[in-house]
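Just so you know, all these numbers are worked out from the coordinates, no wet-lab data involved. Note that this is a predicted model, so its numbers are computed, not measured. We place every Cβ from the backbone using ideal geometry, glycine too, and count neighbours over all the protein chains shown.
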Amino acid sequence: MIGVIPSTNKTYEVEGYFDSDNLVEGKLYISPDNRLYVYSLTETRSSPKYSYFPIWDGSKKYTTPFSNTKYLADVTLTDVTLMCSKIDKQIADSVLYQQRRCDNDDILEPLFTDGDNMFTQCVKGVLNAKKYTLIDLVDMSTPKLSEKAIWNYYTALTKISFMRLDKWNIWVDNILHVNYNVIVTKDSRKLLSFHYPKNTFDTGIVKYDNIIDTKDDPFKKIIKILMVMENINKNDLRSKEIDDYTINNMLTILNSSRSLSAQLFSRFIRMAGLSYEVNVFEKDNLIFEYKES
């Protein structure tokens with residue numbers, strides 16, 4: 001038996017194909033064009049007895065305008081060999097994915113904490129918006145990352161508030177595959193914007209190629225451009241809340257080969273009396289927006 005097909009009052013067995021041996025009266029058989037016929041040596045018209053299926057006597061077909069036309073595609077398959085023959089790579093991958101997803105079906109919903117830096121909040125924001133599971137992230141990763149590696153990144157995300165730039169780049173490029181922009185403003189005036197992964201800066205009429213063309217990370221470039229654009233110096237960054245040690249430490253990192261942390265970037269924006277936002281996109285769709293002033 002190949003499978004079954006239900007009718008209003010009875011479920012009929014689909015026994016085989018027209019070239020089958022030992023044909024059985026009243027069973028359904030599949031023609032070369034994949035239509036279903038009831039094999040009968042006694043009936044010649046579609047009738048309620050066989051749920052109006054067309055009749056086949058082994059050589060002739062008997063079909064009326066009232067015949068119930070069904071095809072192999074309508075059959076609920078029970079034959080393992082036949083079912084396997086219908087499974088291509090896409091179906092097989094889909095079945096395996098659904099099985100793995102069911103085994104790890106917890107939606108990742110990381111909680112925001114007060115100490116989260118900008119990188120951490122943006123990644124958490126994307127995960128909460130997209131409702132990914134661990135398996136989703138494993139399957140999305142390019143180059144492919146193991147489930148253990150993804151879990152380690154996620155565990156660090158939930159336990160460590162200060163995400164570093166190298167981990168931010170892994171989340172953006174290798175796991176989430178998102179793009180983002182950074183927009184810096186002073187009051188209501190836009191000073192500059194940075195667009196990733198294009199790695200382009202919009203600074204208005206004046207160009208800052210001597211800064212943009214360096215190997216500095218983009219957040220360090222943003223600060224250096226702002227310092228020239230707004231003529232910001234050490235004295236401008238001083239306040240009652242900020243001591244010289246903090247300022248000197250930041251300026252030292254700006255002039256070193258070390259990448260800039262999200263904390264120092266945010267601190268500079270506050271010290272300079274500016275505001276910024278980070279918009280994270282999946283292609284052209286805005287997923288998460290982070291603002292700080």
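Okay, here's what the table says:
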{"read-out": "Sum of side-chain charges, Leu41 neighbourhood, beta-carbon under 9 Å (Lys, Arg +1; Asp, Glu -1)", "value": "-3"}
{"read-out": "Gained length - Thr155 relative to Gln90, 0.36 nm times residue gap less alpha-carbon distance", "value": "20.2 nm"}
{"read-out": "Theoretical FRET efficiency, 1/(1+(r/R0)^6), r = Cβ-Cβ of Thr246 and Lys144, R0 41 Å, to 0.05", "value": "0.50"}
{"read-out": "With Cα atoms, 0 to 90° folded angle of helix 118-130 axis to the chain main axis", "value": "20"}
{"read-out": "Alpha-carbon centroids, the range 163-199 and the range 251-286: separation in whole Å", "value": "8"}
{"read-out": "For the chain, the longest site-free run once GluC sites (Glu not before Pro) in DSSP loop states with at most 16 other Cβ atoms within 10 Å are removed", "value": "26-229"}
{"read-out": "Cα long-axis angle, helix 262-271 against the chain (0 to 90 degrees, to the nearest 10)", "value": "50"}
{"read-out": "Among Ile2, Ser46, Ile223 the positive-end extreme of the charge dipole of the chain (Cβ point charges)", "value": "Ile223"}
{"read-out": "Percent of Cα pairs exceeding the 26 Å cut-off, where the set is the range 118-292", "value": "33"}
{"read-out": "Coarse-grained scattering of the range 3-86 at q = 0.12, 0.18, 0.20, 0.25 Å⁻¹, given as base-10 log I(q)/I(0) from a Debye sum over alpha-carbon atoms", "value": "-0.31, -0.70, -0.86, -1.33"}
{"read-out": "Note, ³J(HN,Hα) from phi for the range 58-68, Karplus 6.51, -1.76, 1.60, rounded to Hz, x at Gly and Pro", "value": "x, 9, 10, 10, 10, 10, 10, x, 9, 5, 7"}
{"read-out": "Fewest-first ranking of Asp173, Asp139, Asp19, using other Cβ atoms within 10 Å as the exposure measure", "value": "Asp19, Asp173, Asp139"}
{"read-out": "Sites matching chymotrypsin sites (Phe, Trp or Tyr not before Pro) across the range 26-68 that sit in DSSP coil, with at most 14 neighbouring C-beta atoms within 10 Å", "value": "Phe66"}
{"read-out": "Rh by Kirkwood over Cα pairs, then Stokes-Einstein D for the chain at 0.890 mPa s and 25 °C, µm²/s", "value": "99"}
{"read-out": "Residue exposure sequence - Lys291, Lys215, Lys27 - by fewest surrounding Cβ within 10 Å", "value": "Lys215, Lys291, Lys27"}
{"read-out": "Separation between Cα centres of the range 201-238 and the range 12-35, rounded to whole Å", "value": "78"}
{"read-out": "Inter-probe distance in nm under a simple model that places probes 7 Å from Cα toward Cβ, at Phe281 and Ser47", "value": "6.9"}
{"read-out": "Residue-count net charge about Ile211 - beta-carbon cut-off 10 Å; Lys, Arg +1, Asp, Glu -1", "value": "+1"}
{"read-out": "Virtual spin-label span in nm between Asp19 and Ser239, 7 Å along Cα→Cβ", "value": "8.5"}
